[in-house]
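The values are calculated or read from the model by the stated rules, or taken from the named source; none is laboratory data. Computed from a prediction, not measured in an experiment: that's the story for all the values here. No Cβ is skipped: glycine too gets one built from the backbone with ideal geometry, and neighbour counts run over all protein chains shown. All accessible areas refer to the heavy atoms of the entire protein, side chains included, with ligands and DNA or RNA removed. Shrake-Rupley method; radii C 1.70, N 1.55, O 1.52, S 1.80 Å.
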Amino acid sequence: MGTIAGAILADRIAGRDNPHAEVFSPHRLSLRGVPTLLLQNAQVAKDLVGDRLTPPDAQDTEDVPVDSARILPDATGKKGVYRDRSGTLHAVSLRCTHLGCLLRFNGAERSWDCPCHGSRFDVDGAVLEGPAVRPLSPRQP
Ligand code: FES
């Protein structure tokens, strides 16, 4: 996107037409796209607020099965706790470091995934995929 943006801007400054300019125009939205835009933003708002109202799904680390994760209460709200195959617990803050949505565990990938914009973190909080660039805060299991 950066390369295309650079080419469009260079052409615009030079007074040339660019075949991609219309596709990337900030004015390209039509009323036809408004319902989809509203639905997508409503879903993000639901994820941002709704997950905060959902109770933790376990109360103690004893409730975390091997190779699984649970959301436990924490002094700051909620934390995500994963128990690996050797029995070691990995605990992290569930607040996404991008814009603060609460993460959900992805059992297939063993990662904490953000429902808002798609950031992913490993069980120790390292960033696997952005847009987040900062790791999750560690927590005491
Ligand atoms: S809030 Fe998590 S990726 Fe944006």
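Give the accessible area for V34 in Å² (nearest 10); use a 1.4 Å probe, count only protein heavy atoms, and leave out ligands, DNA and RNA.
My reading of the accessible area for V34 is about 60 Å².
Just check the stretch 1-82 against the gyration tensor rule for me: Cα atoms, a ≥ b ≥ c as the square roots of the eigenvalues, rounded for a/c under 1.5, and otherwise prolate or oblate depending on whether a/b exceeds b/c.
It is prolate, given that a/c is not under 1.5 and a/b is the larger ratio.
So what are the ³J(HN,Hα) numbers for the stretch 122-138, from phi and the Karplus equation (6.51, -1.76, 1.60; θ = phi - 60°), rounded to whole Hz, Gly and Pro as x?
7, 5, 9, x, 5, 6, 9, 8, x, x, 4, 10, 9, x, 6, 6, x
Quick one: length gained pulling K46 to F24 fully straight, 0.36 nm per residue minus the C-alpha distance?
Value of the extension gain: 5.1 nm.
Rank P65, A42, A91 by how far each Cα sits towards the positive end of the charge dipole of the stretch 1-128 (+1 on Lys, Arg Cβ; -1 on Asp, Glu Cβ) and give me just the farthest.
A42
Given a 1.4 angstrom probe, I'd like the percentage of the accessible area of the chain that is carbon and sulfur, rounded to a whole number.
That share works out to 57 percent.
Kindly state, to the nearest 0.05, the FRET efficiency for L99 paired with D57, given R0 = 22 Å and r defined as their beta-carbon distance.
0.40
Using a/c under 1.5 as the rounded threshold, could you call the stretch 61-129 rounded, prolate or oblate? The axes a ≥ b ≥ c are square roots of the C-alpha gyration tensor eigenvalues, and prolate needs a/b larger than b/c, oblate otherwise.
oblate
At a Förster radius of 30 Å, what calculated FRET efficiency corresponds to the Cβ-Cβ distance of L38 and M1, to the nearest 0.05?
For R0 = 30 Å, the calculated efficiency reads 0.80.
Sorted by packing (mean other beta-carbon atoms within 10 Å per residue), highest first, where do 20-26, 56-62, 108-114 land?
Packing proxy ranking, top to bottom: 108-114, 56-62, 20-26.
List the residues whose amide H sits under 5 Å from the amide H of S68, counting only those 5 or more places along or on another chain, with H placed 1.01 Å from N in the peptide plane.
The list, which skips near neighbours in sequence, is R83.
Name the residue farthest towards the positive end of the dipole of the chain from the options P26, I13, A75, assuming +1 on Cβ of Lys and Arg, -1 on Cβ of Asp and Glu, about the Cα centre.
After comparing all options, I get I13.
Let me know the shape class of the chain, please: from the alpha-carbon gyration tensor, a ≥ b ≥ c as square roots of the eigenvalues, rounded when a/c is under 1.5, otherwise prolate if a/b is greater than b/c, or oblate.
In terms of gyration-tensor shape, prolate.
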